[in-house]
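Trainee: After the structure tokens below, expect a handful of questions from me.
Every read-out reported here was derived from the displayed coordinates using simple, explicitly stated rules and does not represent laboratory data. Everything numeric here is computed off the predicted structure, so don't read it as measured data. As a convention, Cβ positions derive from the backbone with ideal geometry for all residues, glycine included, and neighbour counts pool all protein chains shown.
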Amino acid sequence: MKSRVIDPIMRLDGQKWFSRLKVSLFSCFFLVSGVQAHADAGFNQFLRDFWPSAQSFGIKPDVYNRVFVGMKPDDDTLRLMNKQSEFVKPIWEYLDSAVSDTRVSRGKELLVEYRDVLTAIEARYGVDREAVLAIWGMETNYGSFMGKHNVVQALATLAYAAPRRQEFWRKELLKALYIVQGGHVRFEDMEGSWAGAMGHTQFMPTSWNAYSVDFDGDGRRDIWTTIPDALASTAFYLKKHGWETGKTWGYEVALPSNFNYSLADDETTMTLGEWERRGVGRVNGRGFPRASDRAILVLPAGVNGPKFLMLKNFYVIKRYNNATAYALAVGHLSDRIIGGGALVSDWSRDHLPLKRSEVAELQNALNRKGFNVGSADGRIGPATRKGIRAYQVSRGMVPDGYASVVLLARIRQGS
């Protein structure tokens with residue numbers, strides 16, 4: 001039975017009616033001023049439609065209006081959002097840039113310059129100072145480039161136009177408005193990436209809300225203009241995700257000639273002592289400081305590149321950015337900042353990784369040959385690596401699970 005529609009205003013008491021009137025007046029003002037300023041009618045409509053969500057979240061009309069009146073979609077965000085690059089940067093090129101001599105040298109300078117701040121942060125959160133510095137170096141090259149996008153504008157653009165993850169972008173946009181309203185940073189200074197990562201160490205707004213700290217005690221959690229706040233926030237983030245004080249991220253290792261590569265499956269965990277009993281040792285010939293530490297063997301470029309035993313802190317770093325290359329770069333940069341040397345083993349640079357279209361081709365070929373890897377989505381995940389290893393075993397190859405141009409060439413030959 002269809003219920004009768006009653007004018008909702010007639011059902012409001014005086015206070016609710018006044019509140020509704022304020023919202024209506026705000027919407028009308030925003031509508032009039034916004035249409036005059038915006039060239040994109042769809043974006044204009046999105047901002048009007050988004051206001052109830054912002055209001056429910058506690059955003060005040062004057063803040064919403066001050067931020068959005070005159071705003072247009074961020075053209076660069078739209079361009080980068082729609083850019084479908086198939087290029088996969090080889091890990092050695094990534095590391096050459098990420099852990100450059102210049103970045104190492106600057107990190108050493110900042111280790112001295114911010115000694116007192118880093119000492120205090122280390123004492124409070126138990127996160128080693130070189131790890132905090134390395135993330136700062138990786139994310140914004142120590143604050144030299146924090147992004148050229150206004151975070152609210154970028155997130156509003158994504159919430160309006162992104163073809164995927166709409167709820168994610170809208171949630172981040174609400175958090176960004178909350179930061180502005182709280183006075184933690186001026187709207188004009190809220191710089192970040194095209195995807196909304198912000199400040200010296202590139203927090204998303206939800207991460208800022210959960211993990212940023214006011215380390216200098218001025219009442220603001222300012223990761224844009226206050227370096228102690230930014231570094232302490234990073235340390236707090238790492239602590240909350242399980243950082244183990246005084247322990248490294250991992251060790252570069254050498255493997256014996258008869259090594260069982262099925263153990264290098266990115267999952268098998270053993271103590272360093274157990275790995276050592278299987279012939280795995282540090283490349284510098286030294287022993288492991290704590291044989292009881294647990295580690296996973298990782299071969300980022302397969303059998304032809306450096307090998308690593310990764311400890312818990314490596315996976316804590318991956319909570320910041322879930323890419324093996326990123327976490328390896330942070331770990332290696334942190335070592336170099338405190339005087340460590342370059343990697344001992346070289347990368348076999350002719351074993352290039354595959355482009356996304358080539359990964360999809362490889363996945364289709366493996367599926368046809370009976371090595372089920374699931375859908376051919378062009379992304380290398382656990383199922384694809386498992387299928388590669390099974391194929392390699394069947395052909396008498398070293399089962400390192402690495403998808404390279406050499407492997408694809410062999411499959412193309414029909415073997």
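Trainee: Given springs between every Cα pair under 10 Å in a Gaussian network model of the chain, which of 203, 371, 308 has the largest fluctuation?
Mentor: So, out of 203, 371, 308, the one fluctuating most is 371.
Trainee: Still on this structure, please answer the following. Using 0.36 nm per residue of separation minus the Cα-Cα distance, give me the extension gain between residue 80 and residue 367 in nm, one decimal.
Mentor: Details: separation 287, 0.36 × 287 = 103.32 nm, distance 3.25 nm.
Between residue 80 and residue 367, full extension yields 100.1 nm more.
Trainee: What length, rounded to one decimal in nm, is gained on full extension from residue 100 through to residue 206, with 0.36 nm per residue of separation minus their alpha-carbon distance?
Mentor: Answer, rounded to one decimal: 35.0 nm.
Trainee: On a 0 to 90 degree scale, rounded to 10, what angle separates helix 41-56 from the longest Cα axis of the chain?
Mentor: 90 degrees
Trainee: Related question: Hey, what does the equivalent ellipsoid look like for the chain, semi-axes from the Cα gyration tensor as sqrt of 5 times each eigenvalue, largest first, whole Å? Display every interim value, and only then the final one.
Mentor: Values: eigenvalues 431, 168, 70 Å².
Over the Cα atoms of the chain, the ellipsoid semi-axes are 46, 29, 19 Å.
Trainee: Just subtract the alpha-carbon distance of residue 164 and residue 319 from 0.36 nm times their residue separation and send over the number in nm, one decimal. It would help to have the intermediate numbers written out before the result.
Mentor: On the way: separation 155, 0.36 × 155 = 55.80 nm, distance 2.19 nm.
Gain in length upon complete extension: 53.6 nm.
Trainee: Further question: Residue 257 versus residue 112, label points 7 Å from Cα toward the beta carbon: distance in nm?
Mentor: Distance between label points: 4.8 nm.
Trainee: Need one number: nm distance between label points at residue 188 and residue 294, each 7 Å from Cα along Cα→Cβ, rounded to one decimal.
Mentor: Computed distance between label sites residue 188 and residue 294 equals 5.3 nm.
Trainee: To continue, here is another question. Quickly work out the residue 271-to-residue 352 label distance, labels modelled 7 Å from Cα along the C-beta direction, and quote it in nm with one decimal.
Mentor: Once both label points are built, they end up 4.5 nm from each other.
Trainee: How far is helix 129-140 tilted, in degrees, relative to the longest principal axis of the Cα atoms in the chain, given as a value from 0 to 90 rounded to the nearest 10?
Mentor: 60 degrees
Trainee: To continue, here is another question. Cut-off 16 Å, label point 7 angstrom out along Cα-to-Cβ of residue 123: give me the residues of the range 206-244 whose amide nitrogen falls inside.
Mentor: Residues 215-217, 232 qualify, since their backbone N sits under 16 Å from the label point.
Trainee: What does the C-alpha gyration tensor say about the overall shape of the range 51-182? Classify as rounded when a/c is under 1.5, otherwise prolate if a/b is larger than b/c, or oblate.
Mentor: Numbers: a/c = 2.71, a/b = 1.49, b/c = 1.81.
Because a/c hits 1.5 or more and a/b fails to exceed b/c, the range 51-182 counts as oblate.
Trainee: Which parts of the range 140-180 would a label at residue 62 reach, counting a residue when its backbone N lies under 18 Å from a point 7 Å out along Cα-to-Cβ?
Mentor: Under 18 Å, as judged by backbone N against the label point of residue 62, lie 177-180 of the range 140-180.
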